[in-house]
Structure formats: C-alpha cells, structure tokens
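Comments concern the structure below.
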Amino acid sequence: MDSGSYKCYHADEFDPKDHLATYCSPDSDKTLFEELFLFPMGVFQRWQSSGNFKLGSLIDFSSGPLVFHLFAISDYVTSITILETNDFCVKEMERWINKEQEAFDWSHFIEAFPEVEGDSKKWIEKEETLRKKIKSIINFDVKKPNPIEPNILEKADSLVSIYLHQHVSKDKEEYCRILAILSSFIRVGGRLILVGAFNKSFYKIGEHKFHSLPMDEDFVRRSVADAGFTIECLEIFKSKLSSDITDHDAIWILIAVKVRE
C-alpha cells in the first residue's frame, strides 16, 4: 500500500474502541504491549525514584483516548489539560472520565504499578484521583496557525505527548511546526516528555492503515533543540516485534527542559 493512501488520525473517522482493543487490551500482542506501554512506564518509574519528578500543571497531547501514562505520572501533577485532534477520541475519553458503563476498562494495567499491584481498591482510588486532576479536554486543529482557538492556555509546567505528534505530522516540516506550538504552551524551565517510534510509517486500527511520520534519532534531537529544549535523557528500546500492525524499529522516550522561548 502506498503511504499516500494511508488514513490520517486527525482527519479520518475510526472507532476508538478498535484502537484500544488492538493496543491496550489484555488480548493485545504481548511484545507490542511491552514496547509501547511497559517500556515508557518503566522509565517514568525510574525517574520518579530519582526525586526529580515534579511536573506541576501538565498538558497531554497523546494518541487515542490513552490514560496509561497519566496513571504513571498522576501523583506528580497538580492538574491536567488534554489536547485532542479527533472528536471520536474526545468522546471516548469523556466516557472514561464520567465512568460510563461502556468506557474502556484499564484495570488490567494494575500489575504495572507496584504500589497498587493486586489491590483493586487502591486502583479505584488511583483512577478517581486521576479523573479529578483532568480539568478540560480541548480540541487541537493541526491545520490552524492557532490550533486551540478560541481557547487560551496558561503556560504549563510540563507537556507530555505519547505517539500523537508523530501521527498527525504529514512531514518533518509540520512536525517541527507543531513542536514549536507545543513548546509555546510550556514555561521556561518546564519539561517536555515525548514518546515515539523510530522509522515508523504506519499503524493499524481495525483493518485500516494510518499514517505515521518516519524519523530517526538525529532528527528527534535536532527538532527538540531547535524548539528551545535541552535534552535530559533519551532512552531507546529496540523492537522485537514481528507483526503487520505497525513497522517501527524502536520505541523511544525523551525528557527535556525548556531553556528558551
């Protein structure tokens, strides 16, 4: 399939439940689950133990109605604003926030959190704490110079983007343009957390292939530096996946501090 015929996350309709079932359910491919989710969560947990894990007000810009990473960092944030480019994912996220019966059940992630492992009561408390910290969900239109208009955001202490930035950028120029916009939402001294995949050109939702921007380590480092950040760490997990669901070579997580506007 020509990459030009791939669907786009922010422009094409899809069922978020298909997205969650493929990547986040107990039935997901175990290797895929380990690479996409357990690896970045492990980095979060190691960083927490360093004593330097204070994120304050957080902006989240992540692919699908994902909250796994927010569970991992919720104890270190004071408030969360979610930016989302897909209306269907907004509705799915709202279902979870409002505890609707058909909302996705994240409880199988309980084993990934040592502090609540095997304790469903503590897990429910963790969910409730996270829900209360989510203050708003704002539509982000990648085609607009000001993607959140008419909304206005105060500069946040931190911003996290899990895969979405790579999925909504048609080329490297647009990736850098969106990164500059995201940077403008963060105060100087604040932190940027990015999770992405090297040399990933597509991922599947249901039977359809969706676009992802292929990139390498040099490009990631340059783009983050050009956006005004100094990289604190970049960890890479080489893929062992053999699947037609996606084609990445490695998953990476980057943590950087903003040093200039």
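The values are calculated or read from the model by the stated rules, or taken from the named source; none is laboratory data. Every value quoted in this text rests on a predicted model; they were computed, and no experiment measured them. Using ideal geometry, Cβ is built from the backbone for each residue, glycine included, and neighbour counts are taken over all protein chains shown.
Structure above, values below:
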| quantity | calculated |
| --- | --- |
| Pick from the stretch 49-69, criterion under 14 Å from the mean Cα position of the chain (by Cα) and in a helix (DSSP H, G or I), ranking: surrounded by the most Cβ atoms within 10 Å (Cβ to Cβ) | His69 |
| Residue check for Phe229: modelled with pLDDT of 95 or more and farther than 17 Å from Phe61 by Cβ | no |
| Leu38 surrounded by fewer than 18 Cβ atoms within 10 Å (Cβ to Cβ) and not in a loop (DSSP other than H, G, I, E, B) | yes |
| Matching residues, the stretch 70-85, being under 18 Å from Gly190 (Cβ atoms), aliphatic (A, V, I, L, M) and part of a helix (DSSP H, G or I) | Leu70, Ile73 |
| Filtered residues of the stretch 145-173 (kept if over 22 Å from Ile73 (Cβ atoms), loosely packed, with under 15 Cβ neighbours inside 10 Å and not aliphatic (A, V, I, L, M)) | Pro145, Asn146, Glu149, Pro150, Asn151, Lys170, Asp171, Lys172, Glu173 |
| Within the stretch 24-51, considering residues that are touching a residue at least 60 places away in the same chain (Cβ under 8 Å) and of a type in the set (Phe, Trp, Tyr), the one nearest to Ser212 (Cα to Cα) | Phe37 |
| Close pairs (8 angstrom Cβ cut-off, 6 or more residues apart or separate chains): of a type in the set (Val, Ile, Thr) in the stretch 103-118, assigned to a loop (DSSP other than H, G, I, E, B) and buried (at least 16 other Cβ atoms within 10 Å of the Cβ) anywhere | Ile110/Val116 |
| Condition check for Glu84: acidic (Asp, Glu) and surrounded by fewer than 15 Cβ atoms within 10 Å (Cβ to Cβ) | no |
| Residue match in the stretch 156-178 (condition: of a type outside the set (S, T, N, Q), more than 21 Å from Tyr9 (Cβ to Cβ) and at pLDDT 95 or above) | yes |
| Filter result for the condition that a residue is more than 19 Å from Ile162 (Cβ to Cβ), touching a residue at least 12 places away in the same chain (Cβ under 8 Å) and outside any helix (DSSP H, G or I), over Lys200, Lys209 | Lys209 |
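One line per residue, one yes/no per condition, for (1) of a type in the set (A, V, I, L, M, F, W, C); (2) farther than 13 Å from Ile59 by Cα:
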position: Gly118; (1), (2): no, yes
position: Ser136; (1), (2): no, no
position: Phe140; (1), (2): yes, no
position: Lys143; (1), (2): no, yes
position: Gln166; (1), (2): no, yes
position: Glu173; (1), (2): no, yes
position: Ile178; (1), (2): yes, yes
position: Ser201; (1), (2): no, yes
